[in-house]
Amino acid sequence: SLRGVIINKGAGLLEKVELFDIYRGKQVPEGKKSVSFTLTYRASDRTLTDEEVNKVHESVLDALNRELGAVLRDL
């Protein structure tokens with residue numbers, strides 16, 4: 001599942017994963033859906049740097065693409 005991959009790859013810094021929207025409509029190709037999550041990153045012992053968060057976030061996105069074929073949609 002999407003959530004499972006996110007949790008697995010974000011382990012250590014990912015505090016919370018929330019699904020907040022599922023959309024199927026004319027802007028989304030047939031047979032596809034747009035799924036939106038909020039990811040909250042946190043370390044209990046320090047303030048995270050942008051670099052730390054970006055590295056984990058990229059790992060999550062890469063795993064979603066590789067394991068499930070998920071792609072980030074153009075904004």
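Values quoted throughout were computed directly from the atomic coordinates according to the rules given, and no laboratory measurement underlies them. In this text the structure is predicted, and so the values were computed from the model without any measurement. Every residue, glycine among them, receives a Cβ derived from its backbone with ideal geometry; neighbour counts consider all protein chains shown.
Listed here are the residues, each with its yes/no results for (1) loosely packed, with under 12 Cβ neighbours inside 10 Å; (2) in contact (Cβ under 8 Å) with a residue 12 or more places away in the chain; (3) hydrophobic (A, V, I, L, M, F, W, C).
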position: Gly4; (1), (2), (3): yes, no, no
position: Ile7; (1), (2), (3): no, no, yes
position: Val17; (1), (2), (3): no, yes, yes
position: Lys26; (1), (2), (3): yes, no, no
position: Lys33; (1), (2), (3): yes, no, no
position: Tyr41; (1), (2), (3): no, yes, no
position: Asp50; (1), (2), (3): yes, no, no
position: Leu68; (1), (2), (3): no, yes, yes
Members of the range 52-64 found to be free of Cβ contacts under 8 Å to residues at least 12 places away in the same chain and either surrounded by 13 or more Cβ atoms within 10 Å (Cβ to Cβ) or assigned to a strand (DSSP E or B) (or both), listed by number: Leu61
Given (1) touching a helix residue (DSSP H, G or I) at 6+ places or on another chain (Cβ under 6 Å); (2) part of a strand (DSSP E or B), index of the condition Lys9 fails: (2)
